[in-house]
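First comes the structure, then the notes that go with it.
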Amino acid sequence: MMPFAQISILEGRSDEKKAELIREVTEAIHRSLGAPREAIRVALYEVKKTEWGIGGETAKKLGR
């Protein structure tokens, strides 16, 4: 079985930070499930701040 993690994040993070997140999530899945690293898939979905709502307001309006 191939574990597949999907993560939604707000836009604006560097490529280095996104790569770090992918590595860390891969390691967490490897440790917790014992899945081989090469079988683990991680997909990041960046959402525009104007399309992410928090308490009825957009993240952009809230300065996030």
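The values are calculated or read from the model by the stated rules, or taken from the named source; none is laboratory data. Bear in mind the structure is a predicted one, so any value in this text is a computation, not a measurement. Cβ placement follows ideal geometry from the backbone for every residue including glycine, while neighbour counts extend to all protein chains displayed. Ligands, DNA and RNA are excluded from the accessible area calculation, which covers all protein heavy atoms including side chains. Shrake-Rupley method; radii C 1.70, N 1.55, O 1.52, S 1.80 Å.
Could you provide, to the nearest whole Å², the per residue accessible area of the chain with probe 1.4 Å?
Per-residue value: 76 Å².
Between R37 and S8, with labels modelled 7 Å along Cα→Cβ, what's the label distance in nm to one decimal, could you check?
Once both label points are built, they end up 3.0 nm from each other.
From the gyration tensor of the Cα coordinates in the chain, what semi-axes in whole Å does the equivalent ellipsoid have, largest first, with each one equal to sqrt(5λ)?
Taking √(5λ) for each eigenvalue gives 29, 12, 9 Å, largest first.
Rounded to the nearest 5, what % of DSSP beta bridges with both residues in the chain are antiparallel?
So the antiparallel bridges amount to about 20 percent of the total.
Please report, as a whole percent, how much of the solvent-accessible surface of the range 7-64 comes from carbon and sulfur atoms (probe radius 1.4 Å). Spell out each step's value before the answer.
Working: 2140 of 4250 Å².
That fraction is 50 percent.
Long-range amide H contacts for V42: which residues qualify at under 5 Å (H placed 1.01 Å from N, peptide plane, sequence gap of 5 or more or a different chain)?
Counting only residues 5 or more places away or on other chains, the set is A5.
Return the whole-Å distance between the Cα centroid of the range 49-64 and the Cα centroid of the range 3-25.
Rounded to whole Å, the Cα centres lie 20 Å apart.
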